[in-house]
Each structure stands twice: as structure tokens, then as C-alpha cells.
There are 2 protein chains.
Amino acid sequence: MRERNPKAKLLLGPGPSNSDPRVLRALSEPTLGHLDPDFVAIMDETTELLRYVFNTKNRLTIPISGTGSAGMETALVNSVEPGDKAIICVAGVFGERMVDVAERAGATVVRVDAPWGEPVDPAQVEKAVKANSDAKIIGIVHAETSTGVLQPLEEIARIAHEHGMRIVVDAVTSLGGVEVPVDRLNLDFVYSGTQKCLSCPPGLAPVTVNDSMAEFIKNRKTRCRSWYLDLSMIERYWGSERFYHHTAPVNMIYALNEALRIVKEEGNEARWARHRKNQKALIAGLEAMGLKLVVKPEYRLPSLTTVFIPEGVEDLKVRRRLLDEFNIEIGAGLGVFKGKIWRIGLMGTNSTKANVLWFLAALEDILAGEGAKFQKGAGLEAASRVYREE
Amino acid sequence: MRERNPKAKLLLGPGPSNSDPRVLRALSEPTLGHLDPDFVAIMDETTELLRYVFNTKNRLTIPISGTGSAGMETALVNSVEPGDKAIICVAGVFGERMVDVAERAGATVVRVDAPWGEPVDPAQVEKAVKANSDAKIIGIVHAETSTGVLQPLEEIARIAHEHGMRIVVDAVTSLGGVEVPVDRLNLDFVYSGTQKCLSCPPGLAPVTVNDSMAEFIKNRKTRCRSWYLDLSMIERYWGSERFYHHTAPVNMIYALNEALRIVKEEGNEARWARHRKNQKALIAGLEAMGLKLVVKPEYRLPSLTTVFIPEGVEDLKVRRRLLDEFNIEIGAGLGVFKGKIWRIGLMGTNSTKANVLWFLAALEDILAGEGAKFQKGAGLEAASRVYREE
């Protein structure tokens, strides 16, 4: 059997991003029993750190033993009972996915659609809420990874709560890179993933649940449709009871623990500012090279930038050359954006000046070779200027 | 924040077992994108190795992105449609869990119970099958981790297939330590976990599905109740389409890949023989110290031995002293066996002569201190004799 030596690449796509080297080392610490007192101490510390990153005091704040999509399923199977009505906002792949997951959880779904690349309009949500006052939840994606839109949550959270509904928020691509205002907006159920702005491998889904949602889960009339993701049981393992549910993914918890320590050392605000600044430089560079951004400035997701592929340039060829010649991965478009856009992630550890300039240099080299027209050197100069000026 | 330095312990409980050092190193290899060509090659190799360990040619043989319990849920949500009847054999915690999971998947469950510590009686299964000829599946635990029973599968598989039913098998604690006869008995759906006899951290659930079950899944009348565990979608990612479903837990796949290479290097048959031999020595030692085994010889699970706690000896105190003084973890009893038995695992890398003798020496030291009556040195001598004689 040949050697398995995965070459380190620079992952500037929609995730996974590169794992921090400290996180990779933590992964390989010796496996402990899932009820071992030393492991239990690591679990407790991890929940404490998760509260910091989620900006919350929510007691029920834990990592689910699956990837971000398992986080989405956890949110839906726990927050709706079969027959409940759910208003789901859809403006990309992950909104669509939420509809599918909610329906399988037994919900009757009312959609509020917005064009891909745009945020969901709160006025449309309000209209849907008024027409469906019996709905139990509003589901929305905070950071739509398929389009690069950061959805403002203030108004939609207000609408939900004014009408006695709970809000379920997908923060997979925002947590650790952008503020996720859990307590400030009293968001009821928020889930995320480890492999984006936390710079940890994929495999866990941090979730946080406020008291109102926890109360709902406790008093459900029906059992949760999923045994594996039933929070009423999982919380007894993560809480002081330590009641065995399933065997926790011990080494992945070490990795998450280390990833969260790194966030805390930097500080939430400094980390958000870093993500904003590096995106600003990236965008300045891309625009100076004549590329057009997909999303309006006020809705851009700092951790993931989307640009239209210049006319006459071959999508796959450019991405393949970036990977082969520069060892850089970026993301392709999905759904309606397939073949039309690129998705460039600057997430967690990867959001640095060095990566921005390296990527722009690589892209310039390739686009020049592909015959794109732009002023040579303008991209790098525009990005550098952003760093010099601040 | 204090250092997170989990001390390596000898995990001789019901799992997780110690991860092989090679597997821990693999975990910390650089994270790749989930669609990266280098990662895709590792995925393909991993499925090939899984087929070897599962003794199968089944095309649909993949690791699910969750722990062994997620494997159980995957089996049930895919193999039954709401309203289907399922015959579930129950002789311990994991049989009970299967009932719960099947009911949440929408099944009407018919139970076939057996006393804890005993196998399920095929005659009882046949009776249930005849009384419920409309049942779609028989669910059974091959290796019941709560009791240490290895369930013979031959007759039950025959009964299922003679009556046009499919058989769903839990092989969490057998795979990699005991033969799981997937193709030999044409088992329809088998799932396992990584943290037992594969000596890999918890976090993935290998599953294998035969053509009959794959056909059923393809032609279901209803959507699978779980989006995350819907095999009809997951197989499009693991198959040649590489259709994005969820982000694979990349580093855990490296670990599983390495764990499976280790199994293949040793060879299935040699590995099963090693597990049998070390259990034989362990049992000889325990019995020479006057301890009574829970399970009759012909039904003992080689990877997990269960013994009654000697009278007058305090369960928790002994386990605590083993951990504190000898750095050894063993398992407590669950359910009806709580406080009555110990569960001693010799799984994967941990199944060695050295561990058997170390454990017996530690147990003798502690039991002598707790006032148990037995002939000193008899346990070690009995175990040593097993190795000398063969």
C-alpha cells in the first residue's frame, strides 16, 4: 500500500479551512474514556469556552457529535414537533437544505425566498409571519456559504419574538469570524461547525440553546425523531449527571478545546476585526483586477468572499492551476452560481495579510496567462494599500 | 488556563479502547478539502479496506460521520419506512436502544427478549417471525457490549431470509476483533464503530449494505427521516459522482484509514485468533482468582469479558484504585448489571499478553487489599500457562 501523505495545501475555499497546527497536535493526544474524570474536566472547559465564542450565558451550549449539517438537523428535530409550521428563509443552498431537514422532521414549511446573493428581506418575513401566525419557528442562515451573504439578524429576531415564534440560526460560516449575537438578540437555537472560522477539522457541531428553547425541548409532546441528536438526552451527558448517551468523539473534543482556546487568546472582537480587515484588502485587490463582487458591500460575509468569474476565463482550469501550481484551493459556485462564481474563504487562522497577498499574486499570474485584461500589479498594490493605511 | 495534558491510560473497559499510536499520528495530518483529489483517493482506499475488514464485496461500504450510535440510527432510518413492522431482539442496553431508535424511525416494534447475559434464542425469533410475517426486518446485536455476549447469527439470518425479511446487525464491539460474516450470511445492513477493536478514536461508524438492502433504500416510498444519515444521498458523495452532501470529517477518515491498514497488515484471521487467545488467558486468570464469569463459554465475546464482582468487594472503590494506582480503566455494569459486574475489554491493539498479565497483577493487588479470599499468584500462573501451552 502506498504512503498516505496528504500534502498541506492552503484551503481558501468555503471550508474546511486549514486546521491550526496547535489543533492538529491536540487531536493526537491520547484517547481517554468518555466518562474519565480527566476527560470530563476537558468537556466542562470546552462548554465554558463555547459560551465565550457564542457570546452567551446559555447553559445548554455543547458540541454535537457530527458535522455542521448534523447541527442543522439537531436544531430542526428538537425545535419542531411533527405537524408544526416552520417559516424558513431561503437564499442559497443552506436555506434550501434547512427546508428539506425541517420537512423530514415533520414540519409544514412556509418558504420566504430571496434571490441568491442577496439577504432575505425582513418585510417579506413579516408578511409570512402575519399570514402564518401559528408557525412555531423562523429558520434562517446567518452566513450563507453558497453566496457569501451575511444576513442581518436584528429585525428578523425582533419579528420572530414579537409574534411569539422562536428563531433558529445557522452560524456555520460565521462563528469565530463574525459576531454571532446569541444573547444580544436572544437567538433561540444557534448551531455551527468546527471547520470554518474555528480552524479545527470538520466533525463537530457546536450548538447553543436559550432557556425558552430549552423549556420547549423539555416539554415536547412527542419524542424527538432522532435518538442520536435528541438534546433532552445529550444534555444529561454534558450536564452534571454524566448519564451515558453515546461515546463522545474524544479526540475531536480535544481539538475543539484547543481551537476555542486560540480564539479566546486572540479575543472575539480582535478576531472579527481581523476577518473584516483581510477581506477588505482581498476585495480591494480583486476589484483592482477588474473582478466584480457578487454581494453588495453592506451584506458581505467577512469570512467568505464571492466574485464573478471574468468572461472568457475557464472556471475549472483556473481552480486546477491554483491547486497544481500554487497549492491553493478555492471554492466553485453551487446551484444557480455553478460555473459563474468563485468562493474565496479567509477563515480563522487563514485570514492573514500573507495569504491575501499570496492568493492575489497567484490569481494574477494565472489570469494573465488565461488572457484576462487588467492592469498588472494593480491588485497587489490595492491590497497592500489597505494594510499600509490602517 | 491550565495545561490540557490527558495522561495516557490503559483503556480496558467497554470502549473507547486505546488508539494505536500510528492512528493518532494519522489524525494530525494536514486537513484537506473534502473534494480534493488527494482526499478522494484516501476515501476510495478506505472503502476498499473497510470491505476487507467487513469480509464483504458490498459496493455500499462507507464510514458514517458520527459515532457507533449514529451507525445504529443510519441502519434503522434507512431500512424501515414509517409504519413498517420490525422485530428487534433485546438482551441488553444496545438491544433496548435499537427498539427506541426503530420506534423513532416510525417502525412498529415487536420485541424478542432474552435474559441479560444470554444470547437470543433463535426459536423465539422464529416464533415472532411466524406471528408477524409482515415484518420487514429483524434487528439484532452481534456483540452486546452491556453483557459480553456474542450472538450466533447463523440461524437468525437464515430465519430472516427464509421469511423474506432483512437482517440489521450491530457489530460495534465485534468488527476487527471477531469475524463479522457479512457475505457468508448475506447480512443486509451491518454497522459498527471505530473506537473498539479498530483502535481508532470514536467518531465514525462504518456501515455496509448488501444489494438487497441497497435496492430497498433506492426504492423507498418515503424520504428517509434523517437528512444527515440518508444513505441515498451519502452514497452519491462516496461513489464516483462525488456529489456534495456534507463535509466529511477529513482527519477522522485519515485515522480510520490508518487503523484499517493495521488490521490488514495483521490479517483478519490472525487478529480474531489473537483476541480469542488473550481472552482465554484472561479468563483462566480470573477464574483461578475465584471470579465467576457472566456468560457461558460458547457465547463469550472475545473482545469483552464480563465477571461478577466478588461478594464483599466494593465496585467503585476497586475501579477507582485501578485507575488511580495502576492507570487502568475497566467498565462498570449497566442496567440490571449495575454494581454487579465488571466489563473488561481486550480490544484491537490492547489485546496483548502484556496487558492481560498487567491487569491480573493489578487486580490481585487490589482484591487482596480489599480482603477477598483467593490463592495468591494463582491468577497470573493460570494465565501464563495458557501462553506457555500454545
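What follows is calculated from the coordinates using simple rules that are stated; it is not laboratory data. What you see is a predicted model; the values in this text were computed from it and never measured. Neighbour counts are summed over all protein chains in view; Cβ atoms, including those assigned to glycine, are modelled from backbone coordinates with ideal geometry.
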Q. Residue by residue, what Karplus-based ³J(HN,Hα) values in Hz, rounded to whole numbers, does segment B:97-102 have, using 6.51, -1.76 and 1.60 with θ = phi - 60° and x for Gly and Pro?
A. 4, 4, 4, 4, 5, 5
Q: Give the cross-link partners of A:LYS221 among the lysines, using a straight C-alpha distance below 20 Å as the criterion and excluding same-chain residues fewer than 8 apart.
A: A:LYS85, A:LYS136
Q.
If you take each beta carbon of peptide B:1-13 and count the beta carbons of other chains within 10 angstrom, what is the mean?
A. 5
Q: Would you please name the trypsin sites (Lys or Arg not before Pro) within segment A:9-115 that are DSSP coil residues with at most 12 other C-beta atoms within 10 Å of their C-beta?
A: A:LYS57
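Helix-only estimate, please: 222 nm mean residue ellipticity of chain A, summing -39500 (n - 2.57) across DSSP H runs of length 4 or more and dividing by its residues, to the nearest 500.
Details: 13 runs with 163 residues, N = 390.
Theoretical 222 nm ellipticity from helices: -13000 deg cm²/dmol.
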Q. What nm value, rounded to one decimal, do you get for the distance between B:SER240 and A:GLU162 when each label is placed 7 Å out toward the C-beta?
A. 5.6 nm
Q. So what's the gap between the Cα centers of segment B:352-390 and segment B:115-189, to the nearest angstrom?
A. 35 Å
Q: Compute the Cα gyration tensor for segment B:320-368, then decide on rounded, prolate or oblate, letting a ≥ b ≥ c be the square roots of its eigenvalues: rounded whenever a/c is under 1.5, prolate when a/b is larger than b/c in the other cases, and oblate in all that remain.
A: oblate
Q) Among the lysines, which fall within straight-line cross-link reach of A:LYS317, defined as a Cα-Cα distance under 27 Å, with same-chain neighbours fewer than 8 residues apart omitted? A) A:LYS7, A:LYS9, A:LYS196, A:LYS280, A:LYS292, A:LYS338, A:LYS340, A:LYS353, A:LYS373, A:LYS376
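I'd like the FRET efficiency for B:ALA273 and A:LYS218, computed as 1/(1 + (r/R0)^6) with the beta carbon distance as r and R0 of 51 Å, rounded to 0.05. List each step's numbers first, then the result.
On the way: r = 50 Å, r/R0 = 0.99.
That pair, B:ALA273 with A:LYS218, gives E of 0.50.
Using a 10 Å cut-off around each Cβ of peptide B:46-57, what is the average number of partner chain Cβ atoms that fall inside?
Values: counts 1, 0, 1, 1, 0, 0, 0, 0, 0, 0, 0, 0.
Taking all residues of B:46-57 together, the mean is 0.
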Q.
With an 8 Å Cα cut-off and a minimum separation of 6 or more residues, compute the relative contact order for chain A in percent.
A. 23 percent
Q. Can you give the Rg and Dmax of the protein assembly as shown based on its C-alpha atoms, in angstrom?
A. 26.9, 89
Q. In degrees between 0 and 90, to the nearest 10, how far off the longest principal axis of chain A does helix A:268-288 point, with axes built from Cα atoms?
A. 30 degrees
Q) Can you list the residues, at least 5 places off or on another chain, whose amide H is less than 5 Å from the amide H of A:ARG343, using H built in the peptide plane? A) A:GLY331, A:ALA332
Q) Around A:THR31, which amide H atoms from residues at least 5 apart in sequence, or from another chain, sit under 5 Å from its own amide H, with H modelled in the peptide plane? A) B:SER19
Q: Could you work out how far apart the two model spin labels at A:GLU45 and A:ASP134 are, taking each label as a point 7 Å from the Cα in the direction of the beta carbon, and quote it in nm?
A: 5.1 nm
Q) Of all DSSP beta bridges located in the protein assembly as shown, what percent are antiparallel, nearest 5? A) 50 percent
Q. What is the mean number of Cβ atoms from other protein chains located within 10 Å of the Cβ atom of each residue in peptide A:228-239, rounded to a whole number?
A. 2
Q: Compute the Cα gyration tensor for chain A, then decide on rounded, prolate or oblate, letting a ≥ b ≥ c be the square roots of its eigenvalues: rounded whenever a/c is under 1.5, prolate when a/b is larger than b/c in the other cases, and oblate in all that remain.
A: oblate
**Q.** Cut-off under 5 Å, modelled amide H: who pairs with A:SER146 long-range
**A.** A:VAL93, A:PHE94
**Q.** 10 Å binning of all Cα-Cα separations within segment B:268-389, expressed as whole percents from 0 upward
**A.** 13, 48, 33, 5, 0
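Quick check on packing: order B:367-374, B:206-213 by the mean number of other C-beta atoms within 10 Å, highest mean leading.
Numbers: B:367-374: 14.1, B:206-213: 23.6.
Descending packing order for the listed peptides: B:206-213, B:367-374.
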Q | Using θ = phi - 60° and Karplus 6.51 cos²θ - 1.76 cosθ + 1.60, couplings along segment A:121-129 (whole Hz; Gly, Pro as x) | A | 7, x, 4, 5, 5, 4, 4, 5, 5
Q: Convert each backbone phi in segment A:41-51 into a coupling constant with the Karplus relation 6.51 cos²θ - 1.76 cosθ + 1.60 (shift: θ = phi - 60°), then list the ³J(HN,Hα) values in order as whole Hz, x for Gly and Pro.
A: 5, 5, 4, 4, 5, 5, 5, 5, 5, 4, 4
**Q.** Order by protection proxy (mean Cβ within 10 Å, highest first), peptides A:161-169, A:118-126
**A.** A:161-169, A:118-126
